[in-house]
Amino acid sequence: DVKVTQSSRYLVKRTGEKVFLECVQDMDHENMFWYRQDPGLGLRLIYFSYDVKMKEKGDIPEGYSVSREKKERFSLILESASTNQTSMYLCASSLVPGATSGNTIYFGEGSWLTVV
Amino acid sequence: AQRVTQPEKLLSVFKGAPVELKCNYSYSGSPELFWYVQYSRQRLQLLLRHISRESIKGFTADLNKGETSFHLKKPFAQEEDSAMYYCALSGADSNYQLIWGAGTKLIIKP
C-alpha cells in the first residue's frame, strides 16, 4: 500500500511565524502535491512537483513556498503565517503526472494548521 | 472555464433509502471524471472514475456528456456511507491537474 505520511497532524502557530509542513511518501513516486482543503471550497492546489528540486505553482501559491530536496519528501513552507492560512493541508503523491484513468493520486491524512 | 459544481453542501438520507450526490461540470474538451471520498478521520481516497464504469461499495456514476453531469448513486444507503464526497475532473486543459468540486457531506440517518 502506498503510504503518504504528514508528520504533523495538528499545529497551532502564531501570526508571523515560519511554518514547515513535512510530507513523505514511500512508493518512489515522481509527483507530489500540496493542497489546501477548506469547507465550501473543496481542494485547491498550492504547489506541485514533478521531480527533485522542481516545483510548479498551483492555483493559490501566494504566501507559500515548497522544497523538494529528496524524491520522497515534499515540504510546504509558510514564510510568515497569517490567520487566513488556518486550514487543513493535504499532501498527495502519484506515480505519473496528473489525474488520468490509469493513475491514482494518494493522499496523506492531513495537517490541521491553526494560526492565531 | 473549467469548473465542477456540487450543488448540495449537505445531504441527509435515511438508511436504506436511495442516494444521489449531484455533480455538474464545465469543460470544453473531454474530461476524466472522478469521485473521491473522505470518511471521518481517514484520508481522502479515490472512490471511482468514470472510465472504469465500475461499482464500488455499491456506488455507481455515469458520465452524461449531454447534461455535463457525473452524479453518484447508490440504491440503498448504509450508515457507513456517511462521509464527505468530492467530485473532480481532469483533462488536457488543466494539464491533468484535478479540478475539485466543493464537496457534499453525506449523512445517513439510522
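The values are calculated or read from the model by the stated rules, or taken from the named source; none is laboratory data. These figures come from a predicted structure and were not determined experimentally. Cβ sites come from the backbone with ideal geometry, for glycine too, and all protein chains shown count toward neighbours. Calculation scope for accessible area: heavy atoms of the full protein, side chains included, ligands and nucleic acids excluded. Shrake-Rupley method; radii C 1.70, N 1.55, O 1.52, S 1.80 Å.
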Projected onto the charge dipole of chain A (unit charges on the beta-carbon of Lys, Arg, Asp and Glu, signs +1, +1, -1, -1), the Cα from A:PRO61, A:GLY16, A:LEU113 with the largest positive-side position is that of A:GLY16
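What is the calculated FRET efficiency for A:ASN84 to B:GLU80, with r their C-beta to C-beta distance and R₀ = 35 Å, to the nearest 0.05?
Values: r = 35 Å, r/R0 = 1.00.
That pair, A:ASN84 with B:GLU80, gives E of 0.50.
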Placing one equal point scatterer on each C-alpha of segment B:3-109 and summing with Debye, one gets log10 I(q)/I(0) at q = 0.11 Å⁻¹ equal to -0.31
Counting only DSSP beta bridges fully inside chain B, the antiparallel percentage to nearest 5 is 85
Summed over the other residues with a beta carbon less than 13 angstrom from that of A:SER49, with K and R at +1 and D and E at -1, the charge totals +2
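State to the nearest 20 debye the size of the charge dipole of chain A about its Cα centre, where the only charges are +1 on K and R beta carbons and -1 on D and E beta carbons.
Numbers: 14 positive and 15 negative charges, 57 e Å.
Dipole magnitude for chain A comes out near 280 debye.
How much accessible area is lost when chains B and A come together, counting both sides, with a 1.4 Å probe, in Å² rounded to the nearest 100?
Values: alone 6380 and 6340 Å², together 10920 Å².
Interface area, both chains combined: 1800 Å², rounded to the nearest 100.
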Interface residues of segment A:20-65, defined as losing at least 30 Å² of accessible area versus the chain alone with a 1.4 Å probe, are A:TYR35, A:GLN37, A:GLY40, A:GLY42, A:LEU43
In debye to the nearest 20, the charge dipole size for segment B:3-109, taken about the Cα centre with +1 at each Lys and Arg Cβ and -1 at each Asp and Glu Cβ, equals 260
For B:TYR96, the residues 5 or more places away or on another chain with a placed amide H closer than 5 Å to its own amide H are B:GLY91
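Can you tell me how the protein assembly as shown classifies by the Cα gyration tensor, rounded, prolate or oblate, using a/c under 1.5 as the rounded cut? Write out the running numbers ahead of the final one.
Details: a/c = 1.84, a/b = 1.46, b/c = 1.26.
It is prolate, given that a/c is not under 1.5 and a/b is the larger ratio.
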Reduced to Cα centres, the span from segment B:40-110 to segment A:44-99 in Å works out to 24
With the 8 Å Cα cutoff and a minimum separation of six or more residues, chain B has a relative contact order in percent of 38
Per residue, accessible area of chain A with a 1.4 Å probe, heavy atoms of protein chains only, in Å², comes to 47
